[in-house]
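J.: Once you've had a glance at the structure underneath, I'll fire off some questions.
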Amino acid sequence: MKPNILVVLSRNNFMKKDASFHDFVVYDLMNRLPNITSRPMMSGWCIYSDKIPFAAIIGNQLFFKVKSGEVKEELKSLGSTQFMDNGVRSLFMI
C-alpha cells in the first residue's frame, strides 16, 4: 500500500537548487517510505521509491507524479497547481 502524501512545501527563489530543502523532503518527510532515493536533474531532483519515480523537487518546490483519477481531482480541489500535462503524466505542485 502506497500512502498519499499531501503537503505544501515551497520556498523563495523557485529555480535555485536548495540542498537543505531536498534533505528535508527526502530524509525527514519521506523517511518511512520504502527505499527512497533521489537523483539530481537540471534544476532539482527526481525522487524514487523502489526505483519508481513518484516525485520531483524542482527549484525549491515539491511536485508529485499523478496520472489521473481521484487523487488528481483531490489535489485540484485543494488548490494544487498542475505543472505539466501531456495526457499521460502530470506533476502537481502541492
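Read-outs: derived from the displayed coordinates by stated rules, not from any lab. Note that the coordinates shown come from a computational prediction; the quantities given were computed from them, not determined experimentally. With ideal geometry, Cβ positions are generated from the backbone for all residues, glycine too; neighbour counts draw on all protein chains shown.
J.: Residue separation times 0.36 nm, minus the C-alpha to C-alpha distance between Lys67 and Ile52: what's the value? Please report the intermediate quantities before stating the final value.
T.: Values: separation 15, 0.36 × 15 = 5.40 nm, distance 1.38 nm.
Contour length minus the Cα-Cα distance gives 4.0 nm.
J.: Label points 7 Å out from Cα along the Cβ direction at Leu78 and Asp23: separation in nm?
T.: A separation of 2.7 nm, rounded to one decimal place.
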